[in-house]
Amino acid sequence: MRLSLLQFPLALLLIAGGAYAQQDSIQAREKAIAAIRLMDSGEPEKSIPLLEEAAKLDPKNLAWPYEMAYAYYQMKDYDKSLGILKKLARRDDTNDRVFQLLGNSYDMLDKREKAIEAYEKGLKLFPAAGNLYLERGVMEIIVKDYNKALAYFEAGIKAAPMFASNYYWAAKIFCNNTEEEVWGMIYGEIFLNLERNTRRTVEISKALYLTYKSEIKFNGDTATVSFSKNNVINVAYDVKDGADALADQLKNLQLPYGGLIFEPNMAAAVGMEKDINLQSLNRIRARFLEFYQQKFRKMAKAPIVLFDYQQQVNDAGLLEPYNYWILGYGQEQEFANWRAANEDLFKRFLEWLKDHPLTINEENQFYRTRY
């Protein structure tokens, strides 16, 4: 059973291009659209004749046999899918999705080495294909080689910074299978901004909340913050001194990124809190952002796109609904209560979010080896 989710929306017809000059090409496209709708509605077998007609009308177009291969894949006829895809992989106009589906088909036939070979060949031809790094990493997840999986997921994050799935898997591994949760916290929140309203967003929202809860501990006036191995920071907070004094006593620590930037900043941000819930995390995250911008941003090797985006949200006066939105699935009832009491504010945030998505490019991208 596949661990990754294939996403082949109607927009896959991008291979086909814009307006068609020839009537045959127009008819082929219409038949293919009808075929894809049948596949999307769970009737792939009915799409095959339409795609065969499209291929006859427009024989040079890679999209129609590719869609036929995907229809056979949905029907679990992987041998027929492979028969088509192996030919498409040799074409000059082949693309990364051909190699993704080729590897997936081999995988479903339990031909692991052939699947890996397909993904690796695809990566040589298309080194910026985030989906192929994803699939290659998932092959290592299957055999529980998490370090090797991370190498692929993080390479995919670097190569294709707007492709959400590599952040998803990297966050899962760091939060659940390592003692370096700091990276999972950042990868996970980036993922939530790139992919919204899916079962995976529910999963990662819960994971981030639970990681906050497990890595921030309280014992009287002492808070223990530990998001990175060997960088546990014990802080005795005195309300008379204030959080600025707390940040000052931490600023000279000589530690790697988790200890140098994230944990001291988090320790300062925890302040006088006594418990972890959505309300306290909203305050902690607000202070974290303030301290980061004032004291810690200049200490980072490069600006951290997530925290700069949080500042953009804050400048719009919407950091509170953003924080509840990011972590809300960790405490659904508390989130529901807050939302009911702040419906107008949350609606304004959602409207703002549509027009101001997180955008990552080569200049501002975040990946672990950069820091």
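The values are calculated or read from the model by the stated rules, or taken from the named source; none is laboratory data. Nothing here was measured: the structure is a model prediction, and the numbers come from that model. FYI the Cβ positions are ideal-geometry reconstructions off the backbone, even for glycines, and counts take in every protein chain you see.
Before we move on, is residue 264 surrounded by fewer than 19 Cβ atoms within 10 Å (Cβ to Cβ) and either at pLDDT 85 or above or out of contact with any Asp or Glu (no Cβ under 8 Å at 6 or more places or on another chain) (or both)? Taking the combined requirement at face value, the residue does not satisfy it.
Within the stretch 65-76, residues that are hydroxyl-bearing (Ser, Thr, Tyr) sit with their Cβ atoms under 9 Å from residues that are not in a helix (DSSP H, G or I), at 6+ positions apart or across chains, in these pairs: 66/95; 70/6; 70/8; 73/6. Contact annotation: residue pairs with Cβ atoms under 7 Å, 6 or more positions apart or on different chains, pairing a residue in the stretch 159-174 that is at negative phi with a partner that is among the acidic types (Asp, Glu), are 164/195; 170/154; 174/180; 174/181. Residue 302 passes every criterion in (1) more than 21 Å from residue 368 (Cα to Cα); (2) assigned to a loop (DSSP other than H, G, I, E, B); (3) of a type in the set (A, V, I, L, M) apart from (1).
Within the stretch 266-283, being of a type outside the set (Lys, Arg), in a helix (DSSP H, G or I) and either without any contact (Cβ under 8 Å) to a residue 40 or more places away in the chain or out of contact with any helix residue (DSSP H, G or I) (no Cβ under 9 Å at 6 or more places or on another chain) (or both) holds for 268, 269, 280. Would you check if there is a residue in the stretch 179-187 being touching a residue at least 12 places away in the same chain (Cβ under 8 Å), of a type in the set (Ser, Thr, Tyr) and buried (at least 23 other Cβ atoms within 10 Å of the Cβ)? There is at least one residue in the stretch 179-187 that is touching a residue at least 12 places away in the same chain (Cβ under 8 Å), of a type in the set (Ser, Thr, Tyr) and buried (at least 23 other Cβ atoms within 10 Å of the Cβ). State whether one or more residues within the stretch 182-189 are outside any helix (DSSP H, G or I), over 13 Å from the mean Cα position of the chain (by Cα) and at pLDDT below 95. No: the stretch 182-189 contains no residue that is outside any helix (DSSP H, G or I), over 13 Å from the mean Cα position of the chain (by Cα) and at pLDDT below 95. Taken over the stretch 342-371, residues that are among the aromatic types (Phe, Trp, Tyr) and surrounded by fewer than 16 Cβ atoms within 10 Å (Cβ to Cβ) amount to 0. Yes or no: the stretch 47-68 includes at least one residue that is surrounded by fewer than 14 Cβ atoms within 10 Å (Cβ to Cβ), charged (D, E, K, R), part of a helix (DSSP H, G or I) and over 31 Å from the mean Cα position of the chain (by Cα). Among the residues of the stretch 47-68, at least one is surrounded by fewer than 14 Cβ atoms within 10 Å (Cβ to Cβ), charged (D, E, K, R), part of a helix (DSSP H, G or I) and over 31 Å from the mean Cα position of the chain (by Cα), which makes the answer yes. Among the residues making up the stretch 294-315, a single one is surrounded by fewer than 16 Cβ atoms within 10 Å (Cβ to Cβ), over 19 Å from residue 360 (Cα atoms) and in contact (Cβ under 8 Å) with a residue 12 or more places away in the chain: 299.
For the stretch 118-126, the criterion of being at pLDDT 95 or above, of a type in the set (Gly, Ala, Ser) and either in contact with a Phe, Trp or Tyr (Cβ under 7 Å, 6 or more places away or on another chain) or surrounded by 19 or more Cβ atoms within 10 Å (Cβ to Cβ) (or both) is met by at least one residue. Each residue in the stretch 316-329 was checked for being in contact (Cβ under 8 Å) with a residue 60 or more places away in the chain and surrounded by fewer than 20 Cβ atoms within 10 Å (Cβ to Cβ), and 1 of them qualify.
Applying the criterion of being surrounded by fewer than 21 Cβ atoms within 10 Å (Cβ to Cβ) and of a type in the set (A, V, I, L, M, F, W, C) to the residues of the stretch 189-206, the residue that is farthest from residue 313 (Cα to Cα) is 202.
The number of residues in the stretch 108-135 that are in a helix (DSSP H, G or I), of a type outside the set (A, V, I, L, M, F, W, C) and over 22 Å from residue 72 (Cα atoms) comes to 5. Taking residue 332, is it of a type in the set (Asp, Glu), within 17 Å of residue 277 (Cβ to Cβ) and surrounded by fewer than 16 Cβ atoms within 10 Å (Cβ to Cβ)? For residue 332, the condition - of a type in the set (Asp, Glu), within 17 Å of residue 277 (Cβ to Cβ) and surrounded by fewer than 16 Cβ atoms within 10 Å (Cβ to Cβ) - is met.
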